[in-house]
Amino acid sequence: MYTEREKVRYVEMMWAEGLTPCAAQRKWGRPTREALRRWERQAERGELPAETPRARAEHAPRSHYPEATREEAVRLYRLGEKPAHIARRLGIGNASIVRRWDARARKRAILSETGARGAPREKERKELRGMVEASGSEDEAARLRADLEEALLEVAAYKELMRDPKAAGPESLSKRRLVGLGEKLRRDSGCSLARILTFLGISKSTYHYHRARLDSPSGMPDGGFDEAVVEAFSRNGGIYGYRRLKAELEGEGVRAPERKVREAMARLGLVARCSRSERKWSSYKGEISDAPDNLLVGCRGRHDFSAGAPDEVWLTDITEMKGRDGKLYLSVIVDCFDGKAVAWRASTSPNAELADSTLRDAIATLEEGRRPIVHSDRGAHYRWKGWIALCEEAGLVRSMSRKGHSPDNAACEGFFGRAKVELFHSLVRAGASVSELFEAVERYMRWYNDGRLKAFKSDGGRASYETIRDRRKRLGLAA
């Protein structure tokens, strides 16, 4: 049990320090916050004879706080008191204003020392300097001059930092930006390099390393990086984005961080080709034979287009491309193991022979005993008797998309989408003829398997870039 005298003492201590009951309990460890809150209410009602030592300011609405209140708030804040406690103690309505008062006081002190706007007049500064030199020794005057130079340098640095709203201070800047700030200070203030190095806290070698790269946006002493990016981008026909461009450059021994590649592409105006939908999807009508089940969809409706080894799961489809003098139809069979184009044929007519010849070419690549699943959409090309007979003779397992579910063959559609974005859209828009499209198909399909970098995820989850042929050689799956 606490006596009335102890209760009064605790309440007066809490008020004097500007603490809430919760803060007082955390600071002292006792009494409980509930007891302190109850005693405070009793004191406010006059039931406890506790005096109020808090110097509450009489503050009219929409008027400035007295200067004495501001000075006391700044003094308490610099002693380590929390703004909320100071506001409660001095009767300030908003605790955040205490920090602003402190910042303004510090700024006034710096301006006063540096002779900037708002500082004492030149006559007063001369009088102060004379008083210091008359009353102190030469060492003391030298120390004060050094402090003044330090303050001047600090003010100049913060003026530069104020131009960047995201820069909290010199410690928040990268080494390269620190060196840029140092060069600006050297030009404006005439400070020596040794003085700048000490002020910024970086080594001389680091300073010279980044200074040599300040004038180059790519961060290199010469323009070699930009030239390498342009050359690699042009060599692949403007197909690669920044990830594959990074892999291409590093394969040539060029150090190419992703951020630098993205910045260089943006600066040079290099934009990889992107997909543009030119035709709306249209449905088909008719059922010419029974369709097999979709073997690639799970019980929850999710598709699995992966395979543990080559020639386990094949995808097939036909796409159309408009030439200047006709149309070209491309039929392809894709291996789900790594996306390799197992076989392909092009024709001016989407007939049974186009689909059947593509399948015969793919079957010819099979090793003895291989019986892959062949998944297709519900097109008539894959429901004719010739296609079905070829699958049965080779022992292939047929799988077909569900009606009205175009994503059931999304992986093969994605193959066509990449091919059109990377090459065929630009040829069609340029007015290429059918014969030119035929030649482009042969070049692209061979490059896709043997020369195009593709992202493959390793066991650790990180993506590595290899060609399909090189990856199969590395895994011992190809000669």
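The values are calculated or read from the model by the stated rules, or taken from the named source; none is laboratory data. In this text, all values refer to a predicted model and were calculated from it rather than measured experimentally. Backbone-built Cβ (ideal geometry, glycine too); neighbour counts: all protein chains shown.
The requirement of being at pLDDT 90 or above, out of contact with any helix residue (DSSP H, G or I) (no Cβ under 8 Å at 6 or more places or on another chain) and not in a helix (DSSP H, G or I) is satisfied by Gly431. What about Gly431, is it within 40 Å of the chain's Cα centre (by Cα), more than 18 Å from Gly339 (Cα to Cα) and loosely packed, with under 15 Cβ neighbours inside 10 Å? It is true that Gly431 is within 40 Å of the chain's Cα centre (by Cα), more than 18 Å from Gly339 (Cα to Cα) and loosely packed, with under 15 Cβ neighbours inside 10 Å.
The helices (runs of 4 or more DSSP H) falling completely within the stretch 352-420 that include 2 or more residues that are over 41 Å from the mean Cα position of the chain (by Cα) map to 352-364, 385-394.
Determine whether Arg398 is surrounded by 15 or more Cβ atoms within 10 Å (Cβ to Cβ), among the basic types (Lys, Arg) and either out of contact with any Gly (no Cβ under 8 Å at 6 or more places or on another chain) or farther than 23 Å from Asn236 by Cα (or both).
Working: surrounded by 15 or more Cβ atoms within 10 Å (Cβ to Cβ): yes; among the basic types (Lys, Arg): yes; either out of contact with any Gly (no Cβ under 8 Å at 6 or more places or on another chain) or farther than 23 Å from Asn236 by Cα (or both): yes.
In short, yes.
Glu81 meets all of the listed conditions (1) surrounded by 12 or more Cβ atoms within 10 Å (Cβ to Cβ); (2) more than 20 Å from Glu12 (Cβ to Cβ); (3) at pLDDT below 80; (4) acidic (Asp, Glu) but one, namely (2).
Scanning the stretch 1-51 for residues that are of a type in the set (Gly, Ala, Ser), in a loop (DSSP other than H, G, I, E, B) and either surrounded by 15 or more Cβ atoms within 10 Å (Cβ to Cβ) or touching a strand residue (DSSP E or B) at 6+ places or on another chain (Cβ under 6 Å) (or both) yields Gly18, Ala50.
Scanning the stretch 297-321 for residues that are in a strand (DSSP E or B) and loosely packed, with under 15 Cβ neighbours inside 10 Å yields one hit, Glu320. Within the set of pairs 6+ apart or on separate chains, which have a first residue in the stretch 442-463 that is assigned by TED's automatic domain parsing to the domain that holds Asp338 and acidic (Asp, Glu), a second that is assigned to a helix (DSSP H, G or I) and modelled with pLDDT of 90 or more, and C-beta atoms under 7 Å apart? The qualifying pairs are Asp450/Arg469.
The rows are residues; the columns are (1) at pLDDT below 90; (2) on the phi > 0 side of the Ramachandran plot; (3) of a type outside the set (Lys, Arg); (4) touching a Lys or Arg at 6+ places or on another chain (Cβ under 8 Å).
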residue	(1), (2), (3), (4)
Ile288	yes, no, yes, yes
Leu296	yes, no, yes, no
Arg300	yes, no, no, no
Asp304	yes, no, yes, no
Glu312	no, no, yes, no
Arg324	no, no, no, no
Ala341	no, no, yes, no
